[in-house]
Amino acid sequence: APKAIIAPSILSADFADLGAACSRTIGQGADWLHVDIMDGHFVPNLTFGPPVVVKIRSHVDKPTEAHGKGTFDCHMMIAEPKKWVKEFQKAGCDLYCFHYEAAINSSAAESPEGKSDQKTSPRELVRYIHEQGMLAGVAIKPATPVDVLYELFDSEDPKEKPDMALVMTVEPGFGGQKFMASELPKVQALRERYPDLNIEVDGGLGPSTIDQAADAGANVIVAGSAVFGAEDPAQVIALLREAVEK
Ligand code: DX5
Ligand code: ZN
């Protein structure tokens, strides 16, 4: 399996002190920062947009390397993922992870009435993200079966093949929810099929749930409340890494 990547979710950071929280977290050993973008439509919560990403990016002076890129793992919980690709690229996003459900719904909504130029498919969206110079991720919610992703990851065209799969282990929308072990068979199926793929898990990860996720084959670990709520975040980050690498 690929190496461990620990990506604390800044959703659980102090929003009044976000820039400092980001640089501190990198200093505590984080590989990436997981940035949760919510639009109040795809999920029943709102976070922040490109102007905030620009500002917090400037606080992370030393981006760590992942695939030769930086650290900003943007989890796009938005109904119109294509619309925001360029804006987030400009703002400093390195990995643009859209929801499969949003991509297929926006394509269905935009196809009638001759608006076919706006139509997009997950495959086209991956290509578009790559064309903007970012890595592309595809996320699935608990209700979405994992096999919808195979067509994308089996692609022969590297421009259309995503760089990461994100298996949600809670319903997207809020930090601090209970981990859903029921989602781990999806991780296992992806790991069997794609030994080298970056597989991210997000929701309810922490010292008490990491072993199950790591055993299933996850290597990119998002943790919000477990890192930002800890007395010693560096220790939690190290513990998550050890569990994946053991
Ligand atoms: C939930 C977000 C998560 C969230 C995780 O919709 O995608 O990234 O911040 O928070 P914890 O780790 O507290 O479950
Ligand atoms: Zn997330």
Net charge dipole size for the chain [Lys, Arg +1 and Asp, Glu -1 on Cβ; Debye, nearest 20] = 360
Rank these for me by crowding, Tyr96, Tyr194, Tyr150, going from fewest to most other beta carbons within 10 Å.
-> Tyr150, Tyr194, Tyr96
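Considering only Cα-Cα distances, which of the following residue pairs are longer than 29 Å: Lys141/Lys161; Lys55/Lys178; Lys90/Lys141; Lys83/Lys159; Lys86/Lys246? Walk me through the intermediate numbers first.
Values: Lys141/Lys161 20 Å; Lys55/Lys178 31 Å; Lys90/Lys141 27 Å; Lys83/Lys159 19 Å; Lys86/Lys246 39 Å.
In this structure, Lys55/Lys178; Lys86/Lys246 exceed 29 Å between Cα atoms.
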Quick one: putting +1 on the C-beta of Lys and Arg, -1 on the C-beta of Asp and Glu, what dipole do you get for segment 83-228 around its Cα centre, in Debye to the nearest 20?
-> 320
Cysteines having no other Cys beta carbon under 4.7 Å from their own, within the chain = Cys22, Cys97
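Can you list which of the GluC sites (Glu not before Pro) found in segment 197-246 are DSSP loop residues with at most 14 other C-beta atoms within 10 Å?
Answer by residue number: Glu231.
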Quick one: work out Rg over Rh on the C-alpha atoms of the chain, Rh as Kirkwood radius.
-> 0.94
Most positive-pole-ward Cα, Ala143, Tyr96, Phe179, against dipole of the chain from beta carbon charges | Tyr96
Counting only DSSP beta bridges with both partners in the chain, the antiparallel fraction in percent, to the nearest 5, comes to 5
Net length gained if the chain between Lys178 and Asp157 were fully extended (0.36 nm per residue, minus Cα distance) | 3.8 nm
Round to the nearest 10 and give me the degree value, 0 to 90, for the angle of helix 18-27's Cα axis relative to the longest principal axis of the chain.
-> 70
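Throughout, read-outs are computed from the coordinates displayed, never taken from laboratory work. Since the model is a prediction, treat every value here as computed from it, not as a measurement. All Cβ positions, even for glycine, are placed from backbone atoms using ideal geometry, and neighbour counts span all protein chains on display.
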